[in-house]
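See below for the structure under consideration.
Readers should treat all values here as calculations from the given coordinates under stated rules, not as data from a laboratory. If you're wondering where the values come from, they're calculated on a predicted model, not measured in any experiment. Here the Cβ positions follow ideal geometry from the backbone for every residue, glycine too, while neighbour counts run over all protein chains shown.
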Amino acid sequence: MACPPVEVTPGVFISKAEQYCDVGCVNIWATDQSNTPVGSWLISVGLSSDWSAAAADPQITFLFVFPAGVNTLAEMKAYLRATTVGDLTAGRRSALQTRLDNLGVPRTDFTLATPLSKVFRRVVGFLKESDYRWAFDYSIGGDG
């Protein structure tokens with residue numbers, strides 16, 4: 001997911017998506033020297049038993065929708081490596097293209113044969129195109 005950072009207490013930030021993750025969440029974002037997020041969005045990879053509230057949140061952009069049974073990092077990696085842009089339904093492919101365009105992520109070299117792992121790496125790479133520090137944050141079961 002792509003979403004904005006949210007300040008929960010002075011100087012403490014989480015991703016907007018993390019508020020909906022009841023199983024766990026990993027965030028990738030750029031920060032300045034004081035660990036304050038820079039930029040208007042970050043990437044969250046999370047698990048939830050129910051995404052309906054997050055899907056209704058206009059600040060959350062779902063980049064990938066994983067099929068049932070994909071619950072671990074290893075399963076996510078395997079799915080992203082094995083699935084191509086062409087494997088997505090026309091509707092999912094169109095939605096992904098629109099979301100990438102809205103985030104400003106270049107995609108002109110993507111074809112139907114492009115693996116989703118390349119798309120994911122491009123999103124992360126686009127976010128990282130700055131001279132900022134990088135923070136990787138995680139929580140398990142909402143423990144922060």
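Determine the calculated [θ] at 222 nm for the chain from helices alone, applying -39500 (n - 2.57) to every DSSP H run no shorter than 4 residues and normalising by the residue count; nearest 500 deg cm²/dmol.
Numbers: 4 runs with 41 residues, N = 144.
After summing the helix terms and dividing by residue count, I get -8500 deg cm²/dmol.
Which label marks the calculated value of percent of Cα pairs over 27 Å apart, given the options [x] 11; [y] 26; [z] 19? Answer label, from the structure shown: [z].
The convex hull around the C-alpha trace of the range 12-86, projected and averaged over every direction, spans 6.2 square nanometres. In this simple spin-label approximation, SER49 and SER34 carry label points 7 Å from Cα along the Cα→Cβ vector, and these lie 3.9 nm apart. Could you identify which residue out of ASP101, ASP50, ASP109 has the top mean-square fluctuation in a GNM of the chain using Cα springs shorter than 10 Å? For the chain, modelled as a Gaussian network with Cα springs under 10 Å, the answer is ASP109. Considering only PRO58, PRO37, PRO115, the mean-square fluctuation computed in a Gaussian network model of the chain, springs between alpha carbons under 10 angstrom, is largest for PRO58. Relative contact order of the range 2-140: 30 percent, from C-alpha pairs under 8 Å at least 6 residues apart in sequence.
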